[in-house]
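Have a look at the structure below before the remarks.
The values are calculated or read from the model by the stated rules, or taken from the named source; none is laboratory data. This is a predicted model, so every value here is computed, not measured. Backbone-built Cβ (ideal geometry, glycine too); neighbour counts: all protein chains shown.
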């Protein structure tokens, strides 16, 4: 039996929560019994966030010979520019994570980029396993197009993004793009929670132009992928990006910042990568890519290639990787 524990699970949302859901779908698909409670009666203790309670159980599990695996969803590098006070906490977070991750027997990194960062945190074996994408969750999204376009007054081609509205994900660039292209609709689908954000995030949202819509939380995320035409992801730091994988799975063309986390994507083949040239502003560089996708046929071809590439990240694909890891830690 696996003790599949998600500390702070009742408060943490977004990509980490989605990853945990995908992992539990994997366990069910593999027919592996699990509990969501931390327990020392399990064969493996699997922690998704290494908070103090997780570390407490990890220490005692290892003392009893129970292998401990932990996901490295959190790094100091991607903690900043997220919510209020996260910049102040990012510096002391790194030594804490070094101590916490050191209590695991194996660390699960969502990407090669995350693995490179984590190898500076702890001397613990690492395995790269994607957070994955649940294609079944997106099934039938196309049927919601008219409803969600009408709800948010969006016209084709709509440039969109899905996830928590935080500065790190390129909020300033996204708003700047909308201002630079007033004839194009921009929509950011995801929780606002301005009371939890810094002053700059609040200012950017409140001063955004009329063609830039912040929907807030949407109950059915399929509506976002139905109403959106071009997934624009100007994030500055990312461990992987589940929303990106979902957009690709939905066959949407994606525009991303040319940063190391997206090295697995091929510019011009299954995405468009943006890297401002000398003297070129961030907004101008992204605007040029958005203009390139004004052509519907170009969007269709790039989106189809994106969907083909995303097939490597399905629940079935990551299930095999998790099964192999569990066998390894139990045999060690």
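Quick notes
- When the residues of the stretch 251-269 are filtered to those that are out of contact with any strand residue (DSSP E or B) (no Cβ under 9 Å at 6 or more places or on another chain) and within 19 Å of residue 297 (Cα to Cα), the one that is surrounded by the fewest Cβ atoms within 10 Å (Cβ to Cβ) is 268.
- On the stretch given as the stretch 61-96, residues that are modelled with pLDDT of 95 or more, assigned to a helix (DSSP H, G or I) and surrounded by 15 or more Cβ atoms within 10 Å (Cβ to Cβ) total 2.
- Evaluated against (1) at pLDDT 95 or above; (2) under 23 Å from residue 114 (Cβ atoms), residue 36 falls short on exactly one condition, (2).
- Residues (in contact with a helix residue (DSSP H, G or I) (Cβ under 9 Å, 6 or more places away or on another chain) and surrounded by fewer than 18 Cβ atoms within 10 Å (Cβ to Cβ)) located in the stretch 43-57: 43, 51, 52
- So residue 319, is it assigned by TED's automatic domain parsing to the domain that holds residue 45 and either under 28 Å from residue 16 (Cα atoms) or crowded, with 23+ Cβ neighbours inside 10 Å (or both): yes
- Here residue 285 qualifies as under 19 Å from residue 172 (Cα atoms) and surrounded by 15 or more Cβ atoms within 10 Å (Cβ to Cβ).
- Residue count for the stretch 27-42, restricted to those that are assigned to a helix (DSSP H, G or I) and out of contact with any helix residue (DSSP H, G or I) (no Cβ under 9 Å at 6 or more places or on another chain): 1.
- Within the stretch 121-142, tally of residues that are at negative phi, in contact with a helix residue (DSSP H, G or I) (Cβ under 7 Å, 6 or more places away or on another chain) and surrounded by 14 or more Cβ atoms within 10 Å (Cβ to Cβ): 14
- Odd one out for residue 160 among (1) under 23 Å from residue 275 (Cβ atoms); (2) part of a helix (DSSP H, G or I); (3) touching a strand residue (DSSP E or B) at 6+ places or on another chain (Cβ under 6 Å): (2)
- Positions within the stretch 1-26 being touching a strand residue (DSSP E or B) at 6+ places or on another chain (Cβ under 9 Å), without any contact (Cβ under 8 Å) to a residue 60 or more places away in the chain and not in a loop (DSSP other than H, G, I, E, B), in sequence order: 3, 4, 5, 16, 20, 24
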